[in-house]
Structure formats: C-alpha cells, structure tokens
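The values are calculated or read from the model by the stated rules, or taken from the named source; none is laboratory data. This is a predicted model, so every value here is computed, not measured. In this analysis, Cβ positions are derived from the backbone assuming ideal geometry, glycine residues included, and neighbour counts consider all displayed protein chains. Just the protein is used for accessible areas: all its heavy atoms, side chains included, with ligands, DNA and RNA removed. Shrake-Rupley method; radii C 1.70, N 1.55, O 1.52, S 1.80 Å.
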Amino acid sequence: MSIEIKNTGVKKVVLAYSGGLDTSAIIPWLKENYDNCEIIAFCADVGQGEEELVGLTEKALASGASECHIVDLKEEFVKDYIYPTIASGAIYEGTYLLGTSMARPIIAKAQVEVARKVGADALCHGCTGKGNDQVRFEGCFAALAPDLKVIAPWREWTMQSREDLLAYLAERDIKTSASATKIYSRDANAFHISHEGGELEDPWNEPSKGVWTLTADPEDAPNKPEYVSLEVEHGRITKVNGEALTPYAALMTLNAIAAPHGVGRIDITENRLVGMKSRGCYETPGGTVMFAALRAIEELVLDKTSRNWREQVAAQMAHLVYDGRWFTPLCKSLLAASESLAESVNGEVVVKLYKGQASAVKKRSPNSLYSEAFATFGEDQVYDQKHAEGFIRLYSLASRIRALNANDVKGK
C-alpha cells in the first residue's frame, strides 16, 4: 500500500501527531519510505481535552517515534490567536467562527520550534490533499521555516480510505482506537469542535443527535434562561460573572455555562480554499457568547464610519485566517486596525442564554456614544429638530440636481 521513495536526504522529521488514525499510520510509513529517518512526534495541546492526550507519548513511541513532545499552548492560543481574531469580528461566510482555522498557525509555529530544537530537517503533517489544513500548515511553514522539507503523506502514498489505513496498521500489528464504524471526522480545541463525514456528506440529511458532542440539543435545553455577565476591556473578555479570569479560563467557563443551553451550534456548507464545497457541523458555545458580548459593546461605542470599517476588516480577516495567512504583512496590518478600534470597546454586557440562543440583553460602556437625552422620543432640551432640514437638503443635493437636469432635458 506504500510507495518506495527511499529519500536518504531526510534524516529527522517532526510530525504533527494526534494519535488518530492518519498520524498513527504515518509514523511507520515514514520509517519504511524515508530510509528509516528518525521520527519525532509533536502534539500541540490547544485545549482538545485531556482524554485526547492520555497515553499519547506511549502510543507514539510504540508506533516507531523516537520522541514525543507535547506542548501546552492553551493560554497562548486563546490570548494571542482567538482573542485578536474575535476582536476583529471575523466570521467566515457569515456563520463559521473559525475554530479550526485559528488553531493552525500556533500549532505550525510550535512544530517549527520543536524542529529547530531537535535539529530536524523536515516537517510532516497528516492533512489530506482535499482539505484546507494542508494549505494552512504549509503556508505557515513557508513563512517560518522555508529551509525545512515538508512531507505530506496523503499526497504521496497509495492509500485512499479509512479502511486502507486500518488494514495498513493491522498488517504491522499497530493498535489504534479508530475503526471503520467511527464515521465522523472531528477536530477539537478550546474554542470549538468540528464534525464532518458520515450522513453530513449529503446536505439533504439533517444532522442526527449522534453528530453533536459538546452542546445540548436546544430542544432539550432548560426551559428557564440563564444570564451571564461579561466585562470587556479593549475588545477582550476579562471577567465572567464578576470573576477575573485568564483568557483560557474565561473561555472554559463560558463553554461550561453555554453548552447546556445548546448555544453555538451551526450547520454549514462552506467554500473550501481548494475549490470544493464541504459540509460541516460546528459547536462553539463559549465563543458564541464572547462574540455576542463584543458586538454589543461595539454597537455602543463605534460611530457609523468606524463600524463600517470594522466590518471591512472583519471580512478581510475572516478570509485571511481561513486561508492560512496568519504570518503575513496583511495579517499584521489588519490586526493593527482591529486593535485601534478595540481601544474603546470597554464595558459590561449581560448575555441571555436560552434554547440555543445567546442574546445581549443589557450593555453599558464608559465610552458609549448612545445618549438617551438625544435619542429620546419624549421632550428634550438638546436637539433642535429644525436643524435636520438643512442637513437633508445638502445630503440629497446630488439627487436633486440630477432630477432637475433630467427635467430640463425633457422640457427641451
């Protein structure tokens, strides 16, 4: 099932290792096809859960790796990647909160750092040739370590299916928890979990209850709403229900609060970077609450033109993150613009959680541009409504001139 490459140029390779089916097969495949090069397994802990990490080192070594490096990236992931992205307002194709996409640059960066530490001359990933992640990882590698060779087994070996990989491992007596009956492809981190495959490959199929693993079905969620208070400083969540928390702790707290209410479920058919469409279900409970809080404060503090600019930045940022261009000058520019706008995004929000919805029902900010004195429908002493006439006349002047010109033409 493998091809004979016998590349003697690769001596040591760092593999992005999860312990799943693909990467379990990659370790022996590399040893067989790359002239017994040394395999260093690398796993990024981005909050996918302790159960995903238990026994990982032993599993990697049993598969043929000489070392396994598990790097704790949870706080850095939330602080330096999730928080800046959500502060920008980035949402891909109007729905996807970019949970998988945001994790790739920090994983790739840490993989390069491990490679430098151990003196590797190659990097390896288990991304398929159909997906976005191959572009994301390799785009980061190009920016951070263009001198290192990149090995992508799915673009080299002859195996084409889950069954092929299971047979490959069985032939070599390598144990795996994967099976042909585990039909869903899932990817989890602190921000979300994604689900693909199985019945989801037909967009006419409604997702079954077996798809969702993190959030409650909104139909089964409590009949009584829950309210959660969030404090925001410069576009970052700093307190939840009055308690000061680190970025990672805040996200974990909100996940635990929002998930039982079915908050954060989406089912989308998105445009992949490689050209095809794919259907996925995503669960992002805490992140959805964070988005609701930040947008509520922005409604108070950003004027019309600033809000319009923030939306343009958000749209550009969403495509940049999705397309794997984090380590680029454009990313620095967009983040700088976002940070400038976020300087005034300070305040407190109360979010109502009920049957799959997260709604900001209370909001206040010391930088609020909302003035009840000006906006009231009652009697006020600060706004002279007569002033609106001159404004409207100037605002619509071009339309007036255009109409007058048209009438002159008709008259002739």
Exercise. Using a Förster distance of 45 angstrom, determine the FRET efficiency expected from the C-beta separation of TRP309 and ALA170, and round it to 0.05.
Key: 0.20
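So if R0 is 51 Å, what FRET efficiency would ASP72 and ALA406 give, r being the distance between their Cβ atoms, rounded to the nearest 0.05?
0.15
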Exercise. Only one of the values [x] 22.5, 80; [y] 23.1, 72; [z] 25.8, 93 was calculated from this structure for Rg and Dmax of the Cα atoms in Å; name its label.
Key: [z]
Quiz prompt | Rounded accessible area per residue of region 237-288, 1.4 Å, Å² | solution = 35 Å²
Quiz item: Which lysines have a Cα less than 29 Å from the Cα of LYS304, not counting those fewer than 8 places away in the same chain?
Solution: LYS79, LYS239, LYS332, LYS352, LYS362, LYS363, LYS386
Quiz prompt | In Å², nearest 10: area of PHE391 left accessible to a 1.4 Å probe | solution = 130 Å²
Quiz item: Could you give the length gained on full extension between ALA244 and PHE327, defined as 0.36 nm per residue of separation minus the Cα-Cα distance, in nm?
Solution: 26.8 nm
Quiz item: Under a GNM of the chain (C-alpha, springs under 10 Å), which listed residue has the highest mean-square fluctuation: LYS74, LYS149, LYS117?
Solution: LYS117
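What FRET efficiency comes out for the pair GLU58/GLU233, r = Cβ-Cβ distance, R0 = 41 Å, nearest 0.05?
So, using R0 = 41 Å, E works out to roughly 0.45.
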Exercise. Sort the following peptides by mean Cβ neighbour count (other Cβ atoms within 10 Å, averaged over residues), highest first: 359-372, 285-298.
Key: 285-298, 359-372
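Which whole-number value in Å² is the accessible area per residue of region 67-131, probe 1.4 Å?
Numbers: 2010 Å² over 65 residues.
Per-residue accessible area for region 67-131 comes out at 31 Å².
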Practice problem: Enumerate the whole-percent occupancy of each 5 Å bin, from 0 to the last occupied one, for all C-alpha pair distances of region 1-99. | Solution: 2, 12, 19, 16, 14, 12, 11, 9, 5, 1
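For a protection proxy built on the mean count of beta-carbon atoms within 10 angstrom, sort 342-355, 199-212 highest first, please.
The most tightly packed comes first, giving 342-355, 199-212.
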Quiz item: Along the charge dipole of the chain, Cβ charges K/R +1 and D/E -1, which of LEU165, GLY99, VAL118 sits furthest on the positive end?
Solution: GLY99
Quiz prompt | Gain on full stretching of the segment that runs from ARG364 to ASP267 - 0.36 nm per residue minus C-alpha separation | solution = 31.7 nm
Quiz prompt | Share, in percent, of DSSP beta bridges within the chain that are antiparallel, nearest 5 | solution = 70 percent
Quiz prompt | Surface share of carbon and sulfur [accessible, 1.4 angstrom probe, percent] for region 111-150 | solution = 53 percent
Self-check item: Contact order relative to length of region 1-144, as percent, for alpha carbon pairs under 8 angstrom and 6 or more apart
Solution: 28 percent
Exercise. Choose one answer from TYR34, TYR83, TYR322: the residue with the largest mean-square fluctuation in a GNM of the chain with alpha-carbon springs under 10 Å.
Key: TYR34
Quiz item: How would you order 137-143, 154-160 from highest to lowest mean count of nearby Cβ atoms within 10 Å?
Solution: 137-143, 154-160
